[in-house]
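The values are calculated or read from the model by the stated rules, or taken from the named source; none is laboratory data. On a predicted model such as this, the values are computed, not experimentally measured, just so you know. All Cβ positions, even for glycine, are placed from backbone atoms using ideal geometry, and neighbour counts span all protein chains on display.
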Amino acid sequence: MLGVMGFVVALLTGCSEETRPDRFELANVRASNVVPKSSATAFVGAFARHCLKGEPAAIEASLLSAGYVQARGGTGPARSFVVDDKRPLVILSEGGCAVGAAPRTGQTPRVQSFVTQTFPGARAVDPQALSAERAWQLADGTLILTTRSGTPGLSTATYLLGLTYPAARDT
């Protein structure tokens, strides 16, 4: 729990002192909801709902209308969006999109099933070459991958499902 609390403090210290509504909302997000314990269905559903929308601007608009707030106003290439419930966090950049949640039972087979059903032409690729746990490539060059970080059993553990846009890798 202390790791998540530290993460929340880091997020909040990056916030400006503006009085925008999202800053107040972010300040009240429970630490356990920054990287929530999402069900396998919610995890894959969030990926399908948000990351498969195409353009980053459309994804951001979808997130904001769904109640997510940007975790920090930093200038880095990736932006994190959180919501104060058990929906996964969403990480968005010009190069791709990912959802993250605490690792839970059922997520791995649910992701495998989702990729197989949603992208029947996806082919497995060497995940180690991408520093991933699992990876698939679509016909247009899009990569879908999973990865885990943190220590099993600790609140800092995170399971990510993401995709990279082909054009972003070509630059």
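The figures follow:
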read-out: Test: residue in segment 82-95 that is modelled with pLDDT under 95 and under 16 Å from Gln137 (Cβ atoms); value: yes
read-out: Answer residue from segment 129-138, given it is surrounded by fewer than 17 Cβ atoms within 10 Å (Cβ to Cβ) and at pLDDT 95 or above and is nearest to Leu161 (Cα to Cα) among those; value: Glu133
read-out: Wholly enclosed strands (runs of 3 or more DSSP E) of segment 40-151 bearing at least 1 residues more than 16 Å from the chain's Cα centre (by Cα); value: 134-137
read-out: Glu55 being of a type in the set (Asp, Glu), more than 19 Å from Ala135 (Cβ to Cβ) and surrounded by 14 or more Cβ atoms within 10 Å (Cβ to Cβ); value: no
read-out: Single residue of Ala31, Ala66 found to be closer than 25 Å to Arg104 by Cβ and at pLDDT 85 or above; value: Ala66
read-out: Matching entry among Phe119, Phe43, Phe24 (being surrounded by fewer than 13 Cβ atoms within 10 Å (Cβ to Cβ), of a type outside the set (Val, Ile, Thr) and either closer than 20 Å to Ala132 by Cα or modelled with pLDDT under 60 (or both)); value: Phe24
